[in-house]
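Worksheet: the structure to be examined is printed underneath.
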Amino acid sequence: MVYTVTLNPALDLTAPAGPVQMGGLARFGQGPFVAGGKGINVSRLLTSLGVENRALGVIAGFTGDEVERQLREAGCRVDLLPLPDGCTRINLKLQGEGGVTEINGEGPAVPLAVLDQLGGKCAALGEGDFLVLAGSLPGSLPRDAYARLLARVGPGVRAVVDAAGEALGAALAFRPFLVKPNVQELAGFFGTEIETAAQAADYACELRRMGAQNVVVSMGEKGALLVGEDGRRLFCRAARGEVVSAVGAGDSLVAGFLYGWGLHGHGEGALRWGVAAGCATAFAAGIAAGDEVKKRFAEVGNPYPV
């Protein structure tokens, strides 16, 4: 069973817009409101792939009600804690001639008491379960919030951490089964620049020395690499296609990796499924369906040493 945690969910509104200039009037068109957040995206794709999972996290206000409604409509199992105040944030993604302008809202305050409640749910996970901790943290929570949740988890639970900066650093002490930074986050974590897959693999090895068992680094249209628990460094090229939006592609990679791990039981197969899932979402409007991931799998090459 996979459990995902989203502490800073959102309703994402993607709409066409004219030029945006501070101090002036800007207009945007109609667009769908879509429940988002890294853990939520992982749950949506896992559900579509037929993987049993449950979405944990927090919601607030009428926007939070809509997030939960959409997840249930998609067939997801949810266990979301309502916050006492505020509303789940709305993120604007305005599409114009110059590309996409993102205006992300601030989420509501999450009291430490609610984080403790969520920790209790994490403590109930059993041997062989996966716990996915993904996404940004609300400003009201300490940067070690994920580490606090991991401290409540039993030894047989395999943790997946998709976070950056201090949140990632604090989680490494708990030897997570998998961490998945993108290449920019990896470079930022070490205060360096990374241009090649080999360089990314070197720094991924450093994350393993710091505690991670497996490290996957997503590298956008290039593909992704894995430094596995066996020490192997593998790279998998992305499929070719027209990118519609990169939003959610990294989250889909996590879902695909877990799906592939369940099928094959090793990192090589999991990496290939992860890249297929990331590509499927990048080539689609929104999170890809499971059937589309399976189609893309045939277009992704076998991982090779790097």
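Close contacts from the range 207-231, counting a first residue that is under 21 Å from GLY169 (Cβ atoms) and a second that is outside any helix (DSSP H, G or I) and among the charged types (D, E, K, R), with Cβ to Cβ under 7 Å and a gap of 6+ residues or different chains, come to GLY211/ARG175; GLN213/ARG175; GLN213/GLU229; ASN214/GLU229; VAL216/LYS180; SER218/LYS180; LEU225/ARG233; VAL227/ARG233. The residue list VAL67, VAL132 contains one member that is in a strand (DSSP E or B), modelled with pLDDT of 95 or more, of a type in the set (Val, Ile, Thr) and closer than 29 Å to GLY262 by Cα, which is VAL132. Among the criteria (1) more than 26 Å from ALA147 (Cα to Cα); (2) touching a residue at least 60 places away in the same chain (Cβ under 8 Å); (3) outside any helix (DSSP H, G or I); (4) not acidic (Asp, Glu), the one ALA198 does not fulfil is (3).
The set of residues from the range 245-289 being surrounded by fewer than 19 Cβ atoms within 10 Å (Cβ to Cβ), in contact (Cβ under 8 Å) with a residue 12 or more places away in the chain and assigned to a helix (DSSP H, G or I) comprises GLY262, GLU268. Residue count for the range 271-306 under the criterion of being farther than 14 Å from LEU46 by Cα and not charged (D, E, K, R): the result is 17. Summed over the range 99-129, residues that are outside any strand (DSSP E or B) and free of Cβ contacts under 8 Å to residues at least 12 places away in the same chain total 3.
Scan the range 71-86 and give yes if some residue there is assigned to a helix (DSSP H, G or I), under 19 Å from the mean Cα position of the chain (by Cα), crowded, with 17+ Cβ neighbours inside 10 Å and not basic (Lys, Arg), otherwise no. Yes, there is a match, as at least one residue in the range 71-86 is assigned to a helix (DSSP H, G or I), under 19 Å from the mean Cα position of the chain (by Cα), crowded, with 17+ Cβ neighbours inside 10 Å and not basic (Lys, Arg). Pairing residues of the range 27-38 that are over 16 Å from GLY64 (Cα atoms) with residues that are of a type in the set (S, T, N, Q) and modelled with pLDDT under 95, at Cβ distances under 6 Å and at least 6 apart in sequence or on separate chains, gives GLY31/THR14.
Looking only at the range 91-98, decide whether some residue is part of a strand (DSSP E or B), modelled with pLDDT under 85 and farther than 27 Å from VAL293 by Cβ. For the range 91-98, residues part of a strand (DSSP E or B), modelled with pLDDT under 85 and farther than 27 Å from VAL293 by Cβ: present.
The values are calculated or read from the model by the stated rules, or taken from the named source; none is laboratory data. What you see is a predicted model, and the numbers here were worked out from it, not measured in a lab. Because the Cβ atoms are built from the backbone with ideal geometry, glycine has one as well, and the counts that use them run over all protein chains shown.
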